[in-house]
Amino acid sequence: MLYYVHDPMCSWCWAMAPVLGQLLQRLPPEIEVRRLLGGLAPDTDEPMSEDLREMVQSSWRRIQQHVPDTELNFAFWTECVPRRATYAACRAVIAARCQGEQWEYPMNTAIQRAYYTQARNPSDQATLIALAEELGLDIDQFREALQSESVQQELDAEIALAREMDVESFPALVFWDARGYRPIPIDYRDPEPMLQAIRTAMASADSKG
């Protein structure tokens, strides 16, 4: 099993999206992949402090230096009221998944594009509902799931599993077999080093199986 631990409002996860797609296409067919929401920042109604705004924008600028093809629209910081709150976006991904697993990736991507390229705030429930409607989800079902205890419980469970894996930052790749969890080093530009590390982990698991 290969876990991809992420948050839809994690800027480095957005930077990794292209190479992640390449990696997933090239994985051995026998390996199962599970996306896991790690929950970057809990709910809050408080606007970001100036220090925090600068910290996050600095991270965006580092991404532009290290992964220069990543699209980042800094208009977000003047057109929206940023909050350090990503759990609602995580719940939205789970709420979309409730209508079929095929909706998980499109919802995650819609949130990322809204945040990083369209200067829309996924910390706001209205934005998440609008994105679900644009995707063609059942809006009444989505709205109910978004606020449900069952979706919150699923998010709590995924966050707990990420912590059990000792994941401390996103994105993260973790290979799991009977001997436990093993981190796969992230490469934002080239899928090959990650693919080789995964193949090595698989071969080690087979040899000790």
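Since every read-out is calculated from the coordinates, none of them should be taken as a lab result. Here the structure is a predicted model, which means the values were calculated and not measured. Neighbour counts are summed over all protein chains in view; Cβ atoms, including those assigned to glycine, are modelled from backbone coordinates with ideal geometry.
Trp176: net charge of surrounding residues, Cβ under 10 Å, Lys/Arg +1, Asp/Glu -1, itself excluded?
+1
Among 163-170, 48-55, how do they line up from the highest to the lowest mean number of other beta-carbon atoms within 10 Å?
The peptides rank, most packed first, as 163-170, 48-55.
On full extension of the chain, what length is gained from Asp166 through Arg35, given 0.36 nm per residue of separation minus the C-alpha to C-alpha distance?
Gain on extension, Asp166 to Arg35, equals 45.6 nm.
Count the net charge of all other residues whose Cβ sits under 12 Å from the Cβ of Val67, scoring Lys and Arg as +1 and Asp and Glu as -1.
Neighbour charge sum, excluding Val67 itself: -1.
Eigenvalues of the Cα gyration tensor times 5, then square-rooted: what semi-axes does that give for segment 2-207, in whole angstrom, largest first?
Over the Cα atoms of segment 2-207, the ellipsoid semi-axes are 28, 21, 16 Å.
Net charge near Arg83, counting Lys/Arg +1 and Asp/Glu -1 over other residues with Cβ under 13 Å of its Cβ?
After counting each charged neighbour, the total is -2.
Please list, in chain and number order, the residues 5+ apart from Arg83 or on another chain whose amide H is under 5 Å from its amide H, with Hs placed from the backbone.
Here the answer is Met48, since their amide H atoms fall under 5 Å of that of Arg83.
Can you list the residues of segment 128-146 with backbone N under 16 Å from a point 7 Å past the Cα of Gln152, pointing along Cα to Cβ?
Within reach of a label on Gln152, which here means backbone N under 16 Å from a point 7 Å along Cα→Cβ, segment 128-146 contributes 143-146.
Placing +1 on the Cβ of each Lys and Arg and -1 on the Cβ of each Asp and Glu in segment 152-209, which of Ile186, Ala160, Ser204 has its Cα farthest towards the positive end of the resulting dipole?
Ser204
Highest mean first, how do 90-97, 34-41, 185-192, 171-178 rank when packing is the count of other Cβ atoms within 10 Å averaged over residues?
Descending packing order for the listed peptides: 90-97, 34-41, 171-178, 185-192.
Considering amide H positions built from the backbone, and no H for Pro or chain starts, which residues 5 or more places from Arg34, or on another chain, come under 5 Å of its amide H?
Close amide H contacts, sequence-distant or interchain: Leu2, Tyr3, Tyr4.
If amide H atoms are built 1.01 Å from N in the plane of the peptide, which residues on other chains or at least 5 residues away come under 5 Å of the amide H of Ile184?
Residues meeting the criterion, in which the H sits 1.01 Å from N, are Leu173, Val174, Phe175.
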